[in-house]
1. Within segment 364-411, how many residues are of a type outside the set (Phe, Trp, Tyr) and touching a Gly at 6+ places or on another chain (Cβ under 7 Å)?
2. Sort through Val19, Val69, Val30, Val34 and tell me the only one that's β-branched (Val, Ile, Thr) and farther than 29 Å from Glu141 by Cα.
3. Considering only segment 621-642, state which residues are closer than 30 Å to Ala241 by Cα and acidic (Asp, Glu).
4. Inside segment 500-536, can you point out the residues that are more than 32 Å from the chain's Cα centre (by Cα) and either open to solvent by 20 Å² or more (accessible area, probe 1.4 Å) or closer than 20 Å to Lys55 by Cα (or both)?
5. Given the residues Ser282, Ser303, which is the only one that is touching a strand residue (DSSP E or B) at 6+ places or on another chain (Cβ under 9 Å), among the polar types (S, T, N, Q) and open to solvent by less than 30 Å² (accessible area, probe 1.4 Å)?
6. Are any residues in segment 560-590 of a type in the set (Phe, Trp, Tyr) and under 19 Å from Ile547 (Cβ atoms), and if so, which ones?
7. Looking at Leu558, is it among the aliphatic types (A, V, I, L, M), in contact with a helix residue (DSSP H, G or I) (Cβ under 7 Å, 6 or more places away or on another chain), part of a helix (DSSP H, G or I) and free of Cβ contacts under 8 Å to residues at least 24 places away in the same chain?
8. Step by step: first the residues of segment 489-499, then only those that are modelled with pLDDT under 90 and open to solvent by less than 20 Å² (accessible area, probe 1.4 Å), then the one that is nearest to the chain's Cα centre (by Cα). Which residue is that?
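The values are calculated or read from the model by the stated rules, or taken from the named source; none is laboratory data. Because the structure is a prediction, the values reported are computed rather than measured. Ideal geometry is used to build each Cβ from the backbone, glycine not excepted, and the neighbour counts take in all protein chains shown. In case anyone asks, the SASA skips ligands and DNA or RNA and just uses the protein heavy atoms, side chains included. Shrake-Rupley method; radii C 1.70, N 1.55, O 1.52, S 1.80 Å.
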Amino acid sequence: MLLAVTRIAIHAPRQIIAVALLVMVGAAIVGIPVTKSLSGGGMRDPTSESSQTAKLLSDSFGQGDMTMVVSVTSNDGVESPAVRAVGTDIVRQLQNSPYVSQVTSAWTAPSTALISEDGKTGLILAGISGDDNEAPRYARELTDAHVHDRDGVTVRAGGEPTIYWETTDQTLTDLMLVDSLALPLSFLVLVWVFGGLVAAALPMAVGVFAILGTMAVLRLISLLTDVSIFALNLAVALGVALAIDYTLLILSRYRDEMATGATRHGALERTMTTAGRTVLFSAMTVASSMVPMVLFPQYFLKSFAYAGVAVVILAATASIVVTPAAIALLGERLDLLDIHKLLRRMLGRPAPEPKPVEQTFWYRMAKFVMRHAVPIGVAVVAGLLVLGTPFLGVKWGFPDDRMLPSSTSARQVGDQLRNDFAVNPLTNITMVMTDADGVGVADFGRYAAALSKVPDVSSVSSPGGTFVDGRPAGPPTTPADVRDGSAFLTVTSTAPLFSDDSAAQLDRLHAVSTPAGTTVLLGGVAQGNHDSVHAITSRLPLVLGIIAGITLILLFLLTGSVVLPVKAVLLNILSLTAAFGALVWVFQDGHLGALGSTSTGTLEVDLPVLLFCIVFGLSMDYEVFLISRIREYWLESDRTSAANSESVALGVARTGRVITAAALVMSISFAALMAAQVSFVRMIGLGLTLAVLMDATLVRMLLVPAFMRVVGRLNWWAPKPLARLHDRIGLSEPARHGASDALQPRESA
């Protein structure tokens, strides 16, 4: 198939490139408006207890799907005429809105919980109707219309729907910043790697094709289901990175083949049946690592699967179709505007002479590593494990307004709630009794009294009365709190969100006996965090098992070995240890100033899952690059232990520069994400950057040669039944001819 595609590219390059340009333009027309269809939410499990509670509160009690918080602040105090006038006017406007289900405020409720401790800020809580897309849009319209400073009074909007729309806006702003950093820097590195400006432009064109195509795919998917705005960050970073990876591998192999004296057409055919095959196989492994994310219930993670699979397929397709067509069309012009030649002329230096592969840095380094395989292997493994030790103290949390910069309205309101109020209304826990028919006022009272005795509960409001520490403290709630056979109670909690005390409090509340064995569901931010953690951790073994199983099968088909696939899985996991440790050390524990973010004392539970799936696939990308080349030499050898070591050294020599250059460019794309103002994106950027660099250097260039030297010929072992199976269905390697590896040309990898 690859040979047929290559021959079409050779004979009709202009037509292929013209079609690719038309597809790119069409993808741009369809895909660029995708930003209007994406959501800043998606981190909640829609099937969880907290989601069921939220739905009951909205459907049966008119509480709204999300709570918008408006803070009204003045040095004159909340009871001053100006502040009261502003606050009551906003309340009236919100009550008249069709998007708002219920409004509570410091000026209409008897509770003092909505007034700050210094008396300068009053709160308005508005229940906004709608899902993750509608509620933020409604909240934005309400904010633009009614939330603005007036008469010396400061007014700010916050709460979940405001966080969502401000996250979307900030992510789009960050995306433009990331692009402006990553693309020029990546191009400069490519110019250094390829020499010629024309050759360096080819991977960038493939990357743009993959990014625009992925945006079009995401827009089409958004017509059917919710898609997270964060998926765009992955599409851009991964699109550039994989396009460069694949194109770099193909161009480097093409130059290798040309150095043997082959014709341009012959070199291109040989390149695409070897390097092109590696690209396809690599794309399969990367995509297969991302597909299992669709098994998580949160559409936030599902969106990364959509974007990841789409960008991998498009980058690989463009690499094996457009790249050979461009090479065939450009011919000798591929090396036009060679910066290396220009610099040599300016400095008066001669062109470097080709040298034997045995004299290259990568060959000599591989030989050195294999001569000291045990101490180097032990040192690298120990170092990675030590760097990963902070991950043992990880505490799972949930993203809140603190992932936004301090200049945003939602963040400012969140800071006010945490710092200025005795009780943060967002820590309240709502309990819905779903079968309350027959439950009397006295039963509600006894249940509420028991709940109020739970540690860190300041009060419980129920149809049976308000209770503090087991004693009555107020009248029953309104009759509207019992409706359609259900009832709800409000637990005012002082336990900090995402803390051990909060988790323990949820367990104790669940443990309190309900009246006549009725069913009670818990809702609120704390329960939502608990449910999200459970949704991920409960499915994690299945997802990891699927990823590992697919990887083992694919690598077996490539190598015919059962040892190398197991080695690859173990080393891939090891390459993640330092990255996970760094995320906890920096963002959870707050070292290095949390890189400009706000440390919450927790790590977002979605983050390690996301990084594992992405980095595992990218690690397999480099594994396939390296092992496929090593296997070429192994198949041509006499299959002795010495031949195994020589094959490893030659494989490293031929791919070391490619892998290192690709990892450098990929790390630039990922590191640019750290310039984002949304801290979650910054975390992704740091994690991906460290994991890729660790994998491409310490793991791929040091641990792999050390491991393969120690194991020797057993690297290629498989039980006889599996060996026969591989002979029938495995991926065969095209035969090599000539002495293409006798010399290392100056342009080659």
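1. Adding up the residues that qualify gives 10.
2. Result of the check over Val19, Val69, Val30, Val34: Val19.
3. Result: Asp621, Glu623, Glu632.
4. Correct list: Arg508, His510, Ala511, Val512, Ser513, Thr514, Ala516, Gly517, Thr518, Thr519, Val520.
5. One residue alone meets the criteria, Ser303.
6. Passing the criteria: only Phe580.
7. no
8. Ala495
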